[in-house]
Amino acid sequence: MTSEYDVIIVGGGPAGLAAGLYTARMDLKAVLLDRGPLGGQLLNTELVEDYPGFESILGADLAVKMGDHSRKFGLEVRDFEPVKEVDLGADGTTKVVRLESGEELTSRALIMAAGGLPRYLEVPGEKEFWGRGVSYCAVCDGAFFKGQELAVIGGGDAAVEEGDFLTRYASKVYIVHRRDQFRAQPILLDRAHDNPKIEFITDAAVKSIAGDGKVRALNYERHGRPVELPVGGVFIFIGFVPNSKLLKMHVDHDEAGYLNTDRNMQTSVPGIWAVGDVRAQLTKQIATAVGDGTTAAVAASAYVTSLKDAARR
Ligand code: NAP
């Protein structure tokens with residue numbers, strides 16, 4: 001069975017939910033698909049303090065608010081509905097979305113808001129201890145490490161912010177970074193420096209994660225010397241790999257796989273827009289994701305209207 005829509009939105013983080021709110025409000029027949037619960041990266045964030053209008057809100061609460069808000073305008077939301085692939089139909093313009101369930105959806109316009117997945121460190125022990133001391137989500141797993149010493153890998157916003165968050169549970173958090181310069185914002189670094197439970201280890205190249213049934217140590221090399229750091233857990237925040245491979249047709253992207261767009265979020269394929277963390281851009285913030293989604297929804301609406309007008313003529 002195939003269901004037809006004006007717009008299909010792939011991904012239910014802030015970018016997709018903003019696109020959903022606007023498309024539904026503009027009376028388009030729109031559906032939003034997400035492989036899990038709504039919220040995207042919001043669900044991996046404890047406190048959001050940089051989304052205008054909300055001085056401090058739990059990521060999970062903001063996710064619920066955004067979901068409820070877009071549903072209020074009539075958006076069809078299908079969470080826990082993994083997308084297998086996005087393709088073009090035989091006419092070369094219809095967007096075809098195949099779900100893991102075997103169902104197929106088609107639309108005139110498609111807004112790609114599928115975000116990405118954590119980048120893996122790819123060192124021995126990472127896969128072996130995944131779920132047994134290796135984690136990519138402090139909000140999800142932090143509470144399992146009460147009173148333990150932990151290592152956080154990375155030097156960006158996520159590593160520094162999540163490292164700070166983990167000190168609620170851990171007795172000590174080592175932030176282990178491969179350089180001595182950090183990408184993280186100064187405000188986050190200052191907060192971490194002020195936290196007596198955090199120690200920074202810089203110029204450290206992680207070599208392996210070791211343990212028996214669970215993680216016992218992080219092995220790294222610093223200035224040519226091997227070091228074994230005893231820890232009960234290793235949290236890895238070394239960036240993001242965009243979920244652009246769901247697109248089966250060629251769509252222009254940068255060397256890291258982020259989709260290139262014009263200022264209207266239009267990709268190189270007519271009728272496909274890219275928004276939020278899957279899009280090549282300067283920063284990945286909730287506010288920019290919401291802006292992307294809004295722009296794409298307005299552009300997609302104009303596109304769908306012009307196709308409908310042409311079909312009527
Ligand atoms: P990121 O900014 O890309 O930083 C990744 C960090 O991991 C960098 O320090 C990088 O080191 C390091 N790294 C990358 N590959 C590595 C490897 N193989 N081995 C060891 N280290 C490696 O990623 P992010 O921190 O996940 O943030 C992603 C985006 O989300 C950013 O745009 C960020 O601003 C945004 N974000 C914002 C907030 C906030 O505003 N509160 C919170 C979280 C995330 P090098 O520096 O040496 O390259």
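Taking the conditions exactly as written (of a type in the set (G, A, S), away from the ligand (no atom under 16 Å from the Cβ) and within 24 Å of L58 (Cβ to Cβ)), does A159 satisfy them or not?
So A159 does not fit the description; no.
Take the residues in the range 190-201 that are out of contact with any helix residue (DSSP H, G or I) (no Cβ under 7 Å at 6 or more places or on another chain) and more than 17 Å from I236 (Cβ to Cβ); name whichever of them is surrounded by the most Cβ atoms within 10 Å (Cβ to Cβ).
K197
Quick check on my filter: what residues within the range 159-176 are part of a strand (DSSP E or B) and more than 20 Å from F240 (Cα to Cα)?
K172, V173, Y174, listed by residue number.
In a loop (DSSP other than H, G, I, E, B), within 14 Å of the ligand (Cβ to nearest atom) and within 19 Å of the chain's Cα centre (by Cα): does that describe R183?
Judged against the criteria, R183 is a match.
Filter the range 162-179 down to the residues that are of a type in the set (D, E, K, R) and within 10 Å of the ligand (Cβ to nearest atom), then identify the one that is surrounded by the most Cβ atoms within 10 Å (Cβ to Cβ).
E162
Would you pick out the residues in the range 285-310 that are within 22 Å of the chain's Cα centre (by Cα) and surrounded by fewer than 19 Cβ atoms within 10 Å (Cβ to Cβ)? Show your work before the answer.
Of the residues in the range 285-310, the ones within 22 Å of the chain's Cα centre (by Cα) are 285-297.
Q285, A287, T288, G291, T294 - these are the residues of the range 285-310 that are within 22 Å of the chain's Cα centre (by Cα) and surrounded by fewer than 19 Cβ atoms within 10 Å (Cβ to Cβ).
Just for the range 129-154: of the residues that are assigned to a loop (DSSP other than H, G, I, E, B) and without any contact (Cβ under 8 Å) to a residue 40 or more places away in the chain, which one is most open to solvent (accessible area, probe 1.4 Å)?
K146
Could you tell me whether the range 88-109 includes any residue that is within 16 Å of the ligand (Cβ to nearest atom) and buried (at least 23 other Cβ atoms within 10 Å of the Cβ)?
There is no residue in the range 88-109 that is within 16 Å of the ligand (Cβ to nearest atom) and buried (at least 23 other Cβ atoms within 10 Å of the Cβ).
Among the residues of the range 41-65, how many are open to solvent by less than 30 Å² (accessible area, probe 1.4 Å) and either in a helix (DSSP H, G or I) or among the small types (G, A, S) (or both)?
4
Filter the range 66-75 down to residues that are within 24 Å of R108 (Cβ to Cβ) and open to solvent by less than 70 Å² (accessible area, probe 1.4 Å) and give me whichever is farthest from the ligand (Cβ to nearest atom).
Applying the filter and picking the extreme gives G74.
From the list A63, A90, which one is in the same structural domain as G293 (by TED's automatic domain parsing), over 27 Å from D157 (Cβ atoms) and free of Cβ contacts under 8 Å to residues at least 60 places away in the same chain?
Checking each option against the conditions leaves just A90.
The values are calculated or read from the model by the stated rules, or taken from the named source; none is laboratory data. Since we're looking at a predicted model, the values are computed, not measured. Positions of Cβ are generated from backbone atoms using ideal geometry, with glycine treated the same way; all protein chains shown enter the neighbour counts. SASA here: full protein model, heavy atoms, side chains in, ligands and nucleic acids out. Shrake-Rupley method; radii C 1.70, N 1.55, O 1.52, S 1.80 Å.
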